[in-house]
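The values are calculated or read from the model by the stated rules, or taken from the named source; none is laboratory data. Bear in mind that the values here come from a model prediction, so they are computed numbers and not experimental data. Heads up, the Cβs are rebuilt from the backbone with ideal geometry, glycines too, and the neighbour counts pull from every protein chain shown.
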Amino acid sequence: MNFDDKVEISLPGMEKIIRKIISIDAENKSLGRLAVEVAVALRGKNKPSFVPYMDMGDTVMVKNIEKMKFTGNKLENKNYFRFTGYLGNLKKTTLKEFLIKKGPKEVLRTAVMGMLTKNKLRALQIKRLKFEKKN
């Protein structure tokens, strides 16, 4: 992890929240282990002043996302489900199809979304997940 820049945010009645930009290299890291590292940094659980009801996480910049690895038979066996809203329309796609259709950025984003809290803070936290553009 690299700590590049700092952004200070002040809240009434609280000390300043200092947000850092954390750079994570995804090369040769498996999907789950990378997603855990990203989710912890987005929530701010690595900070000593962590409280679960406040958004005090850092901005996470992920680079080399195309070189992320998938272990075992996950490309064929891992399934993603979505519901269209119509009766009986539960759509199922494998990880391989999801990668081709949406790309590795959306695969990591989906994994991180499942690890964040399911409340209003999740929308704020996932906005701070950025991907480095390849040249």
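Taking segment 82-116 as the region of interest, how many residues are of a type in the set (Val, Ile, Thr), surrounded by fewer than 16 Cβ atoms within 10 Å (Cβ to Cβ) and modelled with pLDDT of 95 or more?
Just the residues of segment 82-116 that are of a type in the set (Val, Ile, Thr), to begin with: 84, 93-94, 100, 107, 110, 112.
Next cut, surrounded by fewer than 16 Cβ atoms within 10 Å (Cβ to Cβ) only: 84, 94, 100, 110.
This time we only want the ones that are modelled with pLDDT of 95 or more, so: 94, 100, 110.
Final tally of qualifying residues: 3.
Scan the helices (runs of 4 or more DSSP H) fully inside segment 25-135 and keep the ones with 2 or more residues being touching a Gly at 6+ places or on another chain (Cβ under 7 Å).
31-43
Table: residues versus (1) more than 21 Å from Lys6 (Cα to Cα); (2) touching a residue at least 40 places away in the same chain (Cβ under 8 Å); (3) touching a strand residue (DSSP E or B) at 6+ places or on another chain (Cβ under 6 Å).
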position	(1), (2), (3)
Glu66	yes, yes, no
Thr71	yes, yes, yes
Leu75	yes, no, no
Lys91	yes, no, yes
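Six or more apart or on different chains, Cβ under 6 Å: which pairs go from a residue in segment 13-34 that's more than 23 Å from Lys78 (Cβ to Cβ) to one that's modelled with pLDDT of 95 or more and part of a helix (DSSP H, G or I)? Could you list them?
Ile22/Ala41
Select, from Thr93, Thr59, the only residue that is more than 14 Å from Gln125 (Cα to Cα) and hydroxyl-bearing (Ser, Thr, Tyr).
So the residue among Thr93, Thr59 that is more than 14 Å from Gln125 (Cα to Cα) and hydroxyl-bearing (Ser, Thr, Tyr) is Thr93.
Of the conditions (1) more than 20 Å from Lys133 (Cα to Cα); (2) surrounded by fewer than 17 Cβ atoms within 10 Å (Cβ to Cβ), Lys69 satisfies every one except a single condition; which number is it?
Going through the list (1) more than 20 Å from Lys133 (Cα to Cα); (2) surrounded by fewer than 17 Cβ atoms within 10 Å (Cβ to Cβ), Lys69 breaks only (1).
Residue by residue through segment 22-61, note down the ones that are under 18 Å from Thr110 (Cβ atoms), small (Gly, Ala, Ser) and crowded, with 16+ Cβ neighbours inside 10 Å.
Ala26, Ala35, Ala39, Ala41
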